[in-house]
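The values are calculated or read from the model by the stated rules, or taken from the named source; none is laboratory data. Since the model is a prediction, treat every value here as computed from it, not as a measurement. Accessible surface areas use protein heavy atoms only, side chains included; no ligands, DNA or RNA. Shrake-Rupley method; radii C 1.70, N 1.55, O 1.52, S 1.80 Å.
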Amino acid sequence: MTDRRKQMTALDPDDRLLTYDQAADVLNTTPRFPRRLVEERRIRFVKVGRFVRIPESALHEFIAAGLVEPVTLRGRNTRRAA
């Protein structure tokens with residue numbers, strides 16, 4: 001097995017491959033945003049001939065990576081005077 005094959009990640013056969021329009025629907029954005037993510041290599045994608053498809057799991061990973069957890073304050077004085 002070549003080094004390149006070892007570096008390739010396996011794609012789950014049950015993972016849906018989405019078009020830019022479908023990915024935009026999942027992200028609730030315009031199709032330009034998923035295109036930009038692919039262009040900037042900020043998200044995984046698959047080339048199928050001349051077509052670009054985005055695995056649904058890649059979108060979920062992208063969303064999870066941007067998740068910001070809320071900060072909870074402990075103690076009596078949760079509000080401070082300015």
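Structure notes:
- When all protein chains stay in place and ligands, DNA and RNA are ignored, the 1.4 Å accessible-area order of 18, 73, largest first, is 73, 18.
- Taking a ≥ b ≥ c as the square roots of the eigenvalues of the Cα gyration tensor, the stretch 15-79 is prolate, since a/c reaches 1.5 or more and a/b is larger than b/c.
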